[in-house]
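The values are calculated or read from the model by the stated rules, or taken from the named source; none is laboratory data. No experiment lies behind these values; they were computed from the predicted model shown. FYI the Cβ positions are ideal-geometry reconstructions off the backbone, even for glycines, and counts take in every protein chain you see. Remember, those area values only see protein heavy atoms, side chains included, never the ligands or the DNA or RNA. Shrake-Rupley method; radii C 1.70, N 1.55, O 1.52, S 1.80 Å.
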Amino acid sequence: MTMGWSEKVAKRARVTVEEMEGVLSKYSISPDLSSKSVHNMYISRLLFSGEKSGSIVGNFKFEWDGLGPGVWSVASDGTNLVGKSTVLEIILWCLRGEPKGLQDDVRRWLDHVELDFVIDSDLYHLNFDVNEGVPIGALSIHDKSVIKPIDNFSSDGGFSAVMSRFMMEKFDLSLIPTRFKPSSGKEKTVLHGWTALSGALYIGGDHAHLLGDVQMGGLPARLLQLYVGLPWAHTLMQAKTILKQLEYEEIQRVSKVTSRDASLAELKKNLEADMKVAQKALEKLGDGKGDLKKIKELNDQLSSLSKEIIRDERSSEQTDVSILSMQAASDEDERQLRNLKENAVAQEFFNGIAPSCCPRCEKAVAKEKVVNEVKTMECSVCTETISLKDSESVNEAQIVISERQAKTIDAITDLKNQRASANKELVQKKLKQTDLTKEILALNSSDAFEVRRKAELDLARVEGALARILPKPLGEEKLINPDLNICKAILKEAQAAYDEHRKDLMKSLDVEILEIAKRIGIVSLEEVQISSNASMSLKKGGESSSFSRLTLGERLRLRIATAVALLRVGKHTGAGRHPGMIIIDSAEEANETDLAILLSELKKINDEMDYLQIFFASDNAQVVMSTLPKENCKIAHPGSYLW
């Protein structure tokens, strides 16, 4: 039974399929296992308005409706700077979400932009105002005459994010990873999104590159592979980028470990030399055991004495608490005795009556005498002494309380005596503690001891440093990242799968490019060979040549031929991702005949490819009008502007 791709990778890497799949997931590498549908896009309407300022003033409004698949042109009668490129640049701004070459002054003039476009059979509407050059609006879809919003934006970054996210999803595009090393700094992985991928829609400038306008990180090759639908191209691209990343990280890691090992070896050598010096210094000082033994004995005594002092202080505190508690109990007994005595006196004097005056002469009884009755045991009226010996108020309760109070007072006296004795001993212990501390300090501060202790600390410090710098044996960290081996296996199997399909597909692409290029004006072209890295070799007029050696007009035609061929082959394979729209600006024509041939053949090619939409800017309105239908053209007549 034939092995699947995952099994081939696992076998090559000598790991399980589960381990291999884990690496795919970890680094987001996608096996090319499912085919995707081809999607087509065309613009159906463009509108923009605003107000010009500066040397040219006035309001403007440009609207181009009824657009669809076909060849469409903005042209002038030999005059530049009439707004042709601006129309194309505004289309690009809308589709990309960020401007490509839109002039700053034009952007400030704009106040409103609308673009309707169709992807497959769905109609989308982009509508935004422009405030000081900043787009504020929304992307929507027409669903059965109802406009449903998809996303909103209110900044340059927001607009770019909305369109990038939308286009990448609609055309089943994936971010293209490349490795990039800036002029200063570390090499890093760069992910190219819709802004870079949309470069395949635009043909303009000086035509220095066959595909797109960003050359870093092999991006043209990625565009070629993606838009023609080369099977396994994306997997191969991802694997190459991840492998470069891992190899770079491995080089950096090994370099760091090697450098660390060398530094640690040198440091170890120096520390070992320092340790020998410290050991010799200690040997010269002798062992110093006498002083050390004495200090240890004194420290032991001080420690034991300090513990005793702490215990004694705690005991003294507990004694104080006990005395306070007993004093409170004695005070309570005193209060109870006083209450009993007061009640008994009240009963003896006037049977509990408290007279306010003498019953004989009605002289008022002084309050002081009433208060002193209990203390002096004298009647506050007649001053006779009253004895309570035979009174019933003198009862057993008074006797019990008095005896209890007496015992409490005796206990308090004993505790106070004990505390006084303990405090004397505590004072003596603290004096001894002070003496021991002074003696230890004196021994520690001696010159011989200081020198010896410093030497011991130096040795201990060197030994500790040696232990810290060698947590692992030198060179132990030079183990290769296991993911590296698996990624190499992924790359080899992806390359094998890619090569299996690439040859026939690239041959078909060569045939298409040659046929289209000859049709649109490069009649002396005899052979074309485009490589999978988007470089082109060719034969023209019996001589071998290359894309960069051609004239400007020839490079323009080859770029157009390549873009159309990508669409044709991608459509045929059912795996192409090109949206089906081409915008051509800055077309430099040698003469009217060449332009007529180019436009005429593009129209024929478009008739053969009913899904293709081409926008073309030219400064030869006469040829454009004679070749294309009138309704397909926007013309700036002499002395006027397109908008």
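Considering only the other residues whose Cβ falls under 11 Å of the Cβ of Lys407, what net charge follows from Lys and Arg at +1 and Asp and Glu at -1?
Working: positive: Arg404; negative: Asp333, Glu403, Asp410, Asp414.
Result for the neighbourhood of Lys407: -3.
Please arrange Thr16, Thr86 by accessible surface area, largest first, computed with a 1.4 Å probe and ligands excluded. All intermediate terms of the calculation are to be shown ahead of the outcome.
On the way: Thr16 65, Thr86 20 Å².
Greatest to least solvent exposure: Thr16, Thr86.
Out of (1) 16, 40, 27, 13, 4, 0; (2) 18, 53, 26, 2; (3) 13, 26, 15, 10, 13, 13, 7, 2, 0, which label holds the value of P(r) over Cα pairs in 20 Å bins from 0, in percent that was computed here?
Entry (3).
Is region 142-194 best put as rounded, prolate or oblate by its Cα gyration tensor, with a ≥ b ≥ c the root eigenvalues, rounded for a/c under 1.5, and otherwise prolate when a/b is larger than b/c, oblate when not?
Values: a/c = 7.04, a/b = 2.33, b/c = 3.02.
Oblate, since a/c reaches 1.5 and b/c is not below a/b.
Within the chain, what whole-number % of the accessible surface is contributed by carbon and sulfur, with the 1.4 Å probe and all protein chains included in the calculation?
Values: 17800 of 34850 Å².
So the carbon and sulfur contribution to the accessible surface is 51 percent.
Counting only GluC sites (Glu not before Pro) that are in a DSSP loop and have at most 16 other C-beta atoms within 10 Å, tell me the longest site-free stretch of the chain. Don't skip to the answer; put the middle values down first.
Numbers: sites that count: Glu132, Glu187, Glu362, Glu384, Glu392, Glu476, Glu477, Glu588.
With a cap of 16 other Cβ atoms within 10 Å, the longest stretch comes to 188-361.
Please give the net charge around Ile176, taking every other residue with its beta carbon less than 12 angstrom from that of Ile176, where Lys and Arg add +1 and Asp and Glu add -1. Intermediate values should be presented prior to the final figure.
Working: positive: Arg179, Arg222, Lys240, Arg577; negative: none.
Here the count lands on +4.
Normalised radius of gyration for region 1-147, please: alpha carbon Rg relative to 2.2 N^0.38 Å, two decimal places. Before the final figure, lay out the partial values.
Details: Rg = 23.8 Å, N = 147, 2.2 N^0.38 = 14.7 Å.
For region 1-147, the normalised Cα radius of gyration comes out at 1.62.
What is region 487-643 by shape, rounded, prolate or oblate, if you read a ≥ b ≥ c off the alpha carbon gyration tensor as root eigenvalues and call it rounded for a/c under 1.5, prolate for a/b larger than b/c, and oblate otherwise?
Values: a/c = 2.48, a/b = 1.76, b/c = 1.41.
Prolate shape, in that a/c is at least 1.5 and a/b is the bigger ratio.
Rounded, prolate or oblate: which one fits region 77-189, using the alpha carbon gyration tensor with axes a ≥ b ≥ c (rounded when a/c is under 1.5, else prolate when a/b beats b/c, else oblate)?
Values: a/c = 1.77, a/b = 1.14, b/c = 1.56.
Since a/c reaches 1.5 but b/c is at least a/b, the shape of region 77-189 is classed as oblate.
Counting other Cβ atoms within 10 Å, which trypsin sites (Lys or Arg not before Pro) in region 5-103 have at most 15 and lie in a DSSP loop? Please list the in-between numbers first.
Working: sites: Lys8, Lys11, Arg12, Arg14, Lys26, Lys36, Arg45, Lys52, Lys61, Lys84, Arg96, Lys100; in loops: Arg14, Lys36, Lys100.
Answer in residue order: Arg14, Lys36.
Work out from phi, with θ = phi - 60° and the Karplus expression 6.51 cos²θ - 1.76 cosθ + 1.60, the ³J(HN,Hα) of each residue of region 99-106, listed in order in whole Hz, and give x for Gly and Pro.
Values per residue, Gly and Pro as x: x, 9, x, 5, 5, 4, 5, 5 Hz.
Where q = 0.13, 0.20, 0.22, 0.25 Å⁻¹, what log10 of I(q)/I(0) comes from the Debye formula for region 549-631, counting one point per Cα?
Per q value, in the given order, log10 I(q)/I(0) is -0.43, -0.96, -1.12, -1.34.
Order Tyr42, Tyr641, Tyr27, Tyr498, most accessible first, counting only protein heavy atoms with a 1.4 angstrom probe. If you can, show how the numbers build up before the last one.
Details: Tyr42 65, Tyr641 110, Tyr27 40, Tyr498 5 Å².
Listed by decreasing accessible area, they come as Tyr641, Tyr42, Tyr27, Tyr498.
Output the 0 to 90 degree angle, nearest 10, between the alpha-carbon long axis of helix 289-348 and the longest principal axis computed from the alpha carbons of the chain.
On a 0 to 90 degree scale, this one is about 60.
Going by Cα centres, region 592-607 and region 1-65 are how many Å apart?
31
Which order do you get for Trp93, Trp5 if you rank them by accessible area with a 1.4 Å probe, largest at the top? Working shown, then result.
On the way: Trp93 0, Trp5 30 Å².
The ordering from most to least exposed comes out as Trp5, Trp93.
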